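The values are calculated or read from the model by the stated rules, or taken from the named source; none is laboratory data. Computed from a predicted model, the values in this text were never measured in an experiment. Quick reminder, even Gly has a Cβ in these numbers, built from the backbone with ideal geometry, and neighbours come from all protein chains shown.
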Amino acid sequence: KVTVTIDGRKVEVPKTATVLEAAQAAGVKVPTLCYHPELRPEGACRVCMVEVKGARSLVASCVYPVNDGMVVNTNTADVREGRKTVVELLLANHPQDCFSCARNLNCELQSIAADLGIRKIRFDGEQTNYPLDDKNPCLVRDQSKCILCGRCIRACSERQGVHVYSFTNRGFNTTVSPAFGQGLDQVACTYCGQCSAVCPTAAIVEKDDTASVWKAISDPTKHVVVQTAPAVRVALGEALGLDHGTIVTGKMVAALRRIGFDKVFDTNFSADLTILEEGSELIERLTHGGTMPMITSCSPGWVNFIELMYPDLLDHLSTAKSPQQMFGALTKTYYAEKSGIDPKNIVSVSIMPCTAKKAEAVRPEMNSSGYQDVDYVLTTRELGRMIREAGLDFAALPSEEYDAPLGISTGAGMIFGATGGVTEAALRTVVEIVTGKPLDNIEFKDVRGMTGLKEAVVPVGDLQVKVAVAHTLANARIILDKIRKGEADYQFIEIMACPGGCIGGGGQPVPVCAEVREKRIGSIYDCDQAYEIRKSHENPAIQELYSTWLGKPLGEKSHKLLHTHYHP
Ligand code: HC1
């Protein structure tokens with residue numbers, strides 16, 4: 001430990017700490033922009049500058065190491081003027097369109113400018129101007145709004161191991177870009193959206209599909225059905241001024257009705273269905289052979305990743321479609337038939353914590369109903385904007401229930417939203433089906449939590465089933481390399497593209513950090529506890545679906561509607 005004096009207050013910190021960490025330990029807030037608590041510090045923007053006694057100039061506190069007896073001042077006239085100059089220079093080359101910007105009121109550059117009391121930009125010079133990168137279904141990059149903080153580069157490489165972005169050119173012409181200035185559609189982007197989740201401005205945002213959804217809602221000939229993903233209900237409140245991780249299920253349902261959706265259904269229903277199909281597939285592979293280990297296929301960023309980077313391992317993926325896509329296929333077949341509505345007049349919308357879901361919905365094979373199964377995917381952030389646009393007082397809305405039957409679900413479907421949840425939900429069903437006996441304890445806590453790679457061995461009848469759970473694509477890479485080397489002795493692997501699983505999805509409200517993800521995960525398990533039924537195979541709506549319409553898991557109809565294939 002070393003002792004550092006910050007603004008006259010002594011604080012003890014580890015000798016490996018940075019000045020910024022020492023300031024934080026002393027309870028002193030230093031503004032930051034390129035710094036992100038979960039990414040390697042870079043010291044690129046200099047907004048966090050402070051005065052260190054004896055140093056030749058102001059230093060970037062996020063990368064400057066402490067030493068014993070160091071004296072730091074974070075609030076001198078020079079420091080304030082230095083920070084202002086840095087931010088004014090960034091603003092001088094930034095579009096002045098805050099009113100109409102996607103990140104208006106949720107922009108870190110905007111808040112820092114406000115905090116630093118910037119009223120006028122003293123610099124006037126050349127402006128960079130770049131065309132939009134918007135030729136993919138998920139993300140829009142506006143290089144003109146980029147402040148070169150490099151967070152997207154670090155998130156894509158460190159967190160995801162994908163390495164799509166890098167700095168290109170020099171000086172005033174520096175940009176952040178995929179190789180050779182190509183668009184995201186031309187490179188190996190998985191569309192996970194983690195770049196948009198760490199971007200401090202609107203340089204990378206989700207593609208906005210709200211206008212198309214409003215249009216469908218206003219069309220009297222259309223029956224507009226919406227499904228909401230498990231992880232949306234524990235994060236949407238954050239976009240509407242509520243605390244991190246607040247559970248807003250009932251208010252969200254009420255809001256969707258008031259916005260004008262004809263039916264409000266739950267992706268948790270089809271998550272239960274996924275467990276029946278994927279669980280049966282696992283039992284089939286365990287007992288009759290098949291490519292092992294079997295890996296989950298519901299996270300589309302993850303599916304894109306394996307298709308792009310490890311195509312030789314595609315046979316390991318479960319053929320079960322994701323809950324979003326199972327839901328879409330059933331909406332325009334089962335639900336259409338049951339309710340007597342022509343599927344051509346049904347518009348199927350999903351609310352997802354994920355940007356890659358937008359690309360999943362437009363995959364050419366996702367049309368087993370004879371139509372595009374899911375027409376529009378909105379992220380949690382887009383739904384937040386629609387609720388505000390509709391003028392709803394979200395906090396004051398009553399709690400309403402989902403519509404039946406595609407809104408009936410269990411705690412097992414709910415926990416899909418957190419890392420380890422798909423595995424736990426699958427085990428709750430697979431163990432009971434194989435043994436024919438109810439489980440004494442349905443909570444498989446070994447697969448829960450934020451550890452990047454988790455393992456557990458679970459007795460399933462006479463078999464000892466070894467499972468692994470990974471979240472983030474960098475961790476996925478570790479598991480896939482093990483499989484390639486023949487060192488993966490697992491039977492079942494869950495992989496989710498985003499940190500913490502879907503609760504940390506690229507389409508969730510920002511900013512997000514470890515503490516926020518923990519709160520969302522806590523709420524996911526609180527929701528699970530509150531369900532009367534917590535095992536997918538006990539969902540009465542799923543039982544009815546099989547007995548009256550679908551037949552059996554892995555049956556002919558399931559094969560046509562609920563399973564898919566992957567592309568190398
Ligand atoms: Fe997910 Fe899934 S859990 S992938 O994270 O399997 O996006 O929430 O909807 O489809 O159910 C996302 C969440 C989501 C699917 C389910």
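For the range 352-373, the set of residues classified as of a type outside the set (D, E, K, R), in contact with an Asp or Glu (Cβ under 8 Å, 6 or more places away or on another chain) and within 13 Å of the ligand (Cβ to nearest atom) consists of T355, A361, M366, listed by residue number. The criterion of at least 2 residues that are crowded, with 16+ Cβ neighbours inside 10 Å, within 16 Å of the ligand (Cβ to nearest atom) and at pLDDT 95 or above is met, among strands (runs of 3 or more DSSP E) falling completely within the range 422-505, by 463-471, 492-496.
Considering the range 127-212, the qualifying strands (runs of 3 or more DSSP E), each wholly inside and each with 1 or more residues that are within 16 Å of the chain's Cα centre (by Cα), run over 139-141, 204-206.
I'd like to verify a number: residues in the range 245-263 that are within 15 Å of the ligand (Cβ to nearest atom) and either over 22 Å from G506 (Cα atoms) or not assigned by TED's automatic domain parsing to the domain that holds I542 (or both), how many? Summing the residues that are within 15 Å of the ligand (Cβ to nearest atom) and either over 22 Å from G506 (Cα atoms) or not assigned by TED's automatic domain parsing to the domain that holds I542 (or both) in the range 245-263 gives 0.
Of a type in the set (V, I, T), at pLDDT 95 or above, more than 14 Å from H563 (Cβ to Cβ) and more than 16 Å from the ligand (Cβ to nearest atom), is that true of I295? Judged against the criteria, I295 is not a match. Could you please find all residues in the range 360-376 being surrounded by 15 or more Cβ atoms within 10 Å (Cβ to Cβ) and of a type in the set (D, E, K, R)? Hits for the range 360-376 are E360, R363, D373, D375. Determine whether the range 513-521 contains at least one residue that is closer than 19 Å to L39 by Cβ and assigned to a loop (DSSP other than H, G, I, E, B). For the range 513-521, residues closer than 19 Å to L39 by Cβ and assigned to a loop (DSSP other than H, G, I, E, B): present. Residue-level check: of (1) surrounded by 23 or more Cβ atoms within 10 Å (Cβ to Cβ); (2) within 30 Å of Q96 (Cα to Cα); (3) within 16 Å of the ligand (Cβ to nearest atom), V213 misses just (3). Checking every residue in the range 236-244 against the condition of being buried (at least 24 other Cβ atoms within 10 Å of the Cβ), within 12 Å of the ligand (Cβ to nearest atom) and touching a residue at least 24 places away in the same chain (Cβ under 8 Å) gives at least one match. Scanning the range 522-560 for residues that are outside any loop (DSSP other than H, G, I, E, B), surrounded by fewer than 16 Cβ atoms within 10 Å (Cβ to Cβ) and acidic (D, E) yields a count of 3. Cβ separations smaller than 8 Å between residues 6+ apart or across chains give the following pairs from the range 209-230 residues that are over 27 Å from M414 (Cα atoms) and basic (K, R) to residues that are at pLDDT 95 or above and surrounded by 15 or more Cβ atoms within 10 Å (Cβ to Cβ): K222/A216; K222/I346; K222/V347.
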